[in-house]
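Comments concern the structure below.
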Amino acid sequence: MDPEKIGREFDDFRKSSYFPEDFRGILNGIVPSKDREIQIIRKNINVDLKKRDGNYAPCNLCHTKAKWLRSGYLILDELGHLYLIGPDCGNGHFPDFVVIDHQFDKDTAYNRAYDFLLDEITHIIHMVEYIRQLLPFAETFESALSKLKKSSTVLDTFRKIVNKQDGNMLVYARRQVIAANGNAVPEEYLETYGKLSGGNSLNAFGKNSPVSQLYDAIEIFKKFGHNENTAFTFLADTEAKNKDLIAELASEIRGANAKVAEAYKTLETAQIFFSVRNFNVIKGWVEHPDCPEDFEIEIQQNHRMIWASNARKHYRIDVQELLKPLPSSPIR
């Protein structure tokens with residue numbers, strides 16, 4: 001009997017039935033011998049009590065006693081018989097069940113990883129070029145951020161607005177309140193002037209900076225070479241070296257994809273932050289007579305400047321490259 005075919009048929013059966021024990025070939029009421037050679041077809045089988053009229057699923061090893069709801073197993077023995085068992089019952093019945101279970105997990109991880117990598121081959125070989133297109137944006141953003149850092153008061157203020165004030169730029173306001181003695185007295189408080197847009201990008205530094213993320217990712221993708229032939233050769237060589245490395249490689253690719261996606265999102269957010277529209281909002285805030293910060297700001301088509309009024313130096317931030325349209329992301 002073909003275990004893979006049985007597994008697919010069981011999956012199809014489960015789509016139309018809440019009773020896995022009714023799958024054809026399962027020997028309900030039969031307890032297999034402890035020395036029978038077995039293999040796991042499916043694990044982590046769950047049933048819904050509400051859709052089974054309150055009945056738990058039976059276990060072959062417990063003489064079909066209805067006892068489990070989650071993490072059941074479908075197993076196949078050397079004679080071609082199928083059994084449905086509870087989550088912990090195999091360990092107590094079959095001497096090598098723990099080893100068999102562990103091997104099943106390894107094989108499943110390998111198969112999923114290999115299928116994933118095969119599907120990703122074309123995507124992988126295009127990612128290196130895509131990252132190279134994205135890097136100039138990331139480097140321009142890093143340069144812009146480094147100039148903001150030189151005026152630490154400004155950067156610290158923006159990060160406080162993002163991280164502690166939910167993006168709200170505040171100004172002082174005054175109102176009359178009734179004191180304990182019944183008299184009206186003035187009170188100063190902070191109210192929202194406007195919302196800072198794109199400020200989350202200011203938290204992207206160090207290992208979380210787009211430059212670091214893109215360079216980390218490109219090193220992973222470059223392992224596969226520059227075309228499908230080199231990619232398939234690398235995959236085959238990795239498998240021949242150690243099958244366990246396939247799952248690790250798939251994990252690396254997923255991680256690299258995530259880093260590129262995060263870098264892209266940061267750059268999108270950075271474009272919003274450095275946009276003329278957002279800086280006009282900031283300009284209105286810093287020029288408000290009751291703004292708690294003493295900043296000055298200058299906006300030009302391709303440059304932005306913002307500095308603390310007592311700062312000795314002003315740093316011009318070139319945003320021309322950063323604000324160009326980002327290349328379309330190939331990440332699925």
**Asked** Can you tell me which residues in region 200-251 are of a type in the set (Ser, Thr, Tyr) and over 23 Å from Tyr264 (Cβ atoms)?
**Response** Thr230, Thr233, Thr238
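Restricting to region 147-170, name every residue that is touching a residue at least 60 places away in the same chain (Cβ under 8 Å), surrounded by 17 or more Cβ atoms within 10 Å (Cβ to Cβ) and out of contact with any Gly (no Cβ under 6 Å at 6 or more places or on another chain). Even if it seems obvious, please write down each step before you answer.
We begin by selecting, within region 147-170, every residue touching a residue at least 60 places away in the same chain (Cβ under 8 Å); these are 147-148, 150-151, 153-154, 157, 169-170.
Narrowing further to those that are surrounded by 17 or more Cβ atoms within 10 Å (Cβ to Cβ): 147-148, 151, 154, 157, 169-170.
Residues satisfying the conditions are Lys147, Leu148, Ser151, Val154, Thr157, Leu170.
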**Request:** Tell me which of these Phe279 doesn't satisfy, since it passes every other one: (1) under 30 Å from Tyr172 (Cα atoms); (2) at pLDDT below 95; (3) not aliphatic (A, V, I, L, M).
**Result:** (2)
**Fill in**
Given the conditions (1) at pLDDT 95 or above; (2) farther than 20 Å from Asp105 by Cβ; (3) touching a Lys or Arg at 6+ places or on another chain (Cβ under 7 Å); (4) not β-branched (Val, Ile, Thr), every one holds for Cys59 apart from (1)
**Item:** Of all residues in region 251-266 being more than 17 Å from Arg132 (Cβ to Cβ) and not charged (D, E, K, R), the one that is farthest from the chain's Cα centre (by Cα)
**Value:** Thr266
**Request:** Filter region 297-330 down to residues that are surrounded by 13 or more Cβ atoms within 10 Å (Cβ to Cβ) and over 38 Å from the mean Cα position of the chain (by Cα) and give me whichever is modelled with the lowest pLDDT.
**Result:** Ala311
**Prompt:** For region 173-218, what are the residues that are part of a strand (DSSP E or B), of a type in the set (Lys, Arg) and within 30 Å of Ala261 (Cβ to Cβ)?
**Reply:** Lys195
**Asked** Which residues, counting only those in region 1-43, are under 11 Å from Ile75 (Cα atoms) and either acidic (Asp, Glu) or free of Cβ contacts under 8 Å to residues at least 12 places away in the same chain (or both)?
**Response** Glu37
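The values are calculated or read from the model by the stated rules, or taken from the named source; none is laboratory data. Since this is a predicted model, take the numbers as computed values, not measurements. Methodologically, a virtual Cβ is constructed for each residue, glycine included, from the backbone with ideal geometry; neighbour enumeration extends over all protein chains shown.
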